[in-house]
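Asker: Just passing along the structure, written as structure tokens.
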Amino acid sequence: MKLLPYLILAYITLGIQSGLGVLWNSSGVMPNLVLLVVIFIASHASRDAALLGCFCLGLMQDLLSQQPLGVYALAYGFVGLIIVGAGHNFARTNPLIQMGTALVCGIVVLFILLINQRFVPAAPALQLSPDSFVPAIRPPVWPLISGVFLTSLLAPLVLWPLHKMKRYFAFDRRRW
């Protein structure tokens with residue numbers, strides 16, 4: 001896999017993801033376009049390049065998000081392991097398989113984010129006085145769940161053009 005097209009794709013995707021965050025901030029439901037790029041990289045690159053690429057995309061998204069460093073990197077590393085483990089049984093061009101893969105991978109990322117929110121809340125609980133107590137602040141779960149479904153619905157629309165551009169990435173053909 002070539003490094004320059006990967007970095008350009010990561011830069012564009014992270015920029016669009018950050019821009020969507022400002023646009024869709026009122027509802028809180030946002031698709032995870034970086035997850036779709038992770039699925040694309042993991043399904044086309046060789047094993048080592050795919051796992052490293054997924055992990056690095058997660059680190060880049062961690063730097064742009066409010067999550068602690070490493071949460072998205074861990075989640076996208078697991079997604080890369082799932083897709084690389086599927087191997088040649090993975091149909092890369094079928095829209096229904098793409099939607100199902102995005103749904104399963106989105107649930108994995110959601111699960112890791114929810115575990116992180118459980119143990120590391122956005123604001124810790126405070127005891128102001130012996131009688132007053134402020135509970136820990138945790139973001140709502142429903143926008144995250146809705147974002148997983150929106151991401152899976154957008155998967156064929158994003159993965160199809162990426163599949164058409166795969167020759168620019170020079171993926172290792174010996175994997176398949």
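Asker: Has segment 138-155 got any residue that is among the polar types (S, T, N, Q), in contact (Cβ under 8 Å) with a residue 24 or more places away in the chain and within 21 Å of ILE41 (Cβ to Cβ)?
Answerer: Yes, there is a match, as at least one residue in segment 138-155 is among the polar types (S, T, N, Q), in contact (Cβ under 8 Å) with a residue 24 or more places away in the chain and within 21 Å of ILE41 (Cβ to Cβ).
Asker: Turning to a different aspect of this structure: Of everything in segment 125-148, what is closer than 28 Å to GLY77 by Cα and not basic (Lys, Arg)? Give them in sequence order.
Answerer: Our first condition is that a residue be closer than 28 Å to GLY77 by Cα; within segment 125-148, this holds for 137-148.
Scanning segment 125-148 gives ILE137, PRO139, PRO140, VAL141, TRP142, PRO143, LEU144, ILE145, SER146, GLY147, VAL148.
Asker: In the list GLY15, GLY53, GLY19, which residue meets the criterion of being surrounded by fewer than 13 Cβ atoms within 10 Å (Cβ to Cβ), among the small types (Gly, Ala, Ser), in a helix (DSSP H, G or I) and at pLDDT 90 or above?
Answerer: Sole residue among the options that is surrounded by fewer than 13 Cβ atoms within 10 Å (Cβ to Cβ), among the small types (Gly, Ala, Ser), in a helix (DSSP H, G or I) and at pLDDT 90 or above: GLY15.
Asker: Same structure, new question: Touching a helix residue (DSSP H, G or I) at 6+ places or on another chain (Cβ under 9 Å) and either in a loop (DSSP other than H, G, I, E, B) or of a type in the set (D, E, K, R) (or both): is that true of THR101 in this structure?
Answerer: no
Asker: Just one of ASN32, ASN116 is crowded, with 16+ Cβ neighbours inside 10 Å and under 15 Å from THR151 (Cβ atoms); which is it? Spell out how you get there, then give the answer.
Answerer: Details: ASN116 fails: under 15 Å from THR151 (Cβ atoms).
Testing whether each residue is crowded, with 16+ Cβ neighbours inside 10 Å and under 15 Å from THR151 (Cβ atoms) leaves just ASN32.
Asker: Would you check which residues across segment 31-50 are outside any helix (DSSP H, G or I) and within 10 Å of the chain's Cα centre (by Cα) and list them?
Answerer: The initial filter retains those residues of segment 31-50 that are outside any helix (DSSP H, G or I), namely 31-32, 45-46.
PRO31, ASN32, listed by residue number.
Asker: For segment 102-112, state whether one or more residues are out of contact with any His (no Cβ under 6 Å at 6 or more places or on another chain), closer than 23 Å to ALA10 by Cα, free of Cβ contacts under 8 Å to residues at least 40 places away in the same chain and not β-branched (Val, Ile, Thr).
Answerer: To start, the set of residues in segment 102-112 that are out of contact with any His (no Cβ under 6 Å at 6 or more places or on another chain) comprises 102-112.
Those left that are additionally closer than 23 Å to ALA10 by Cα: 102-110, 112.
When the remaining residues are screened for being free of Cβ contacts under 8 Å to residues at least 40 places away in the same chain, the result is 104, 108, 110.
Still in the running and not β-branched (Val, Ile, Thr): 110.
Checked segment 102-112: at least one residue is out of contact with any His (no Cβ under 6 Å at 6 or more places or on another chain), closer than 23 Å to ALA10 by Cα, free of Cβ contacts under 8 Å to residues at least 40 places away in the same chain and not β-branched (Val, Ile, Thr).
Asker: Does at least one position in segment 108-118 carry a residue that is over 15 Å from VAL34 (Cα atoms), modelled with pLDDT of 95 or more and either out of contact with any helix residue (DSSP H, G or I) (no Cβ under 6 Å at 6 or more places or on another chain) or not in a helix (DSSP H, G or I) (or both)?
Answerer: Yes, there is a match, as at least one residue in segment 108-118 is over 15 Å from VAL34 (Cα atoms), modelled with pLDDT of 95 or more and either out of contact with any helix residue (DSSP H, G or I) (no Cβ under 6 Å at 6 or more places or on another chain) or not in a helix (DSSP H, G or I) (or both).
Asker: Collect the residues in segment 130-152 that are surrounded by fewer than 13 Cβ atoms within 10 Å (Cβ to Cβ) and assigned to a helix (DSSP H, G or I), keeping them in residue-number order.
Answerer: Within segment 130-152, just TRP142 meets the criteria.
Asker: Still on this structure, I have one more. Suppose we keep only residues that are basic (Lys, Arg) and surrounded by 14 or more Cβ atoms within 10 Å (Cβ to Cβ) within segment 153-175. Which one would you say is modelled with the lowest pLDDT?
Answerer: Looking at residues that are basic (Lys, Arg) and surrounded by 14 or more Cβ atoms within 10 Å (Cβ to Cβ), I get ARG175.
Asker: Then there's this: How about segment 67-101: which of its residues are closer than 20 Å to ALA49 by Cα, modelled with pLDDT of 90 or more and small (Gly, Ala, Ser)?
Answerer: Within segment 67-101, GLY70, ALA73, ALA75, GLY77, GLY80 qualify.
Asker: Also: Looking at TYR76, TYR168, which one is aromatic (Phe, Trp, Tyr), part of a helix (DSSP H, G or I) and over 18 Å from the mean Cα position of the chain (by Cα)?
Answerer: Just a single option satisfies the conditions, and that option is TYR168.
The values are calculated or read from the model by the stated rules, or taken from the named source; none is laboratory data. Just so it is clear, the structure is predicted and the values come from calculations on it, not from any experiment. Cβ atoms come from the backbone with ideal geometry, glycine included; neighbour counts cover every protein chain shown.
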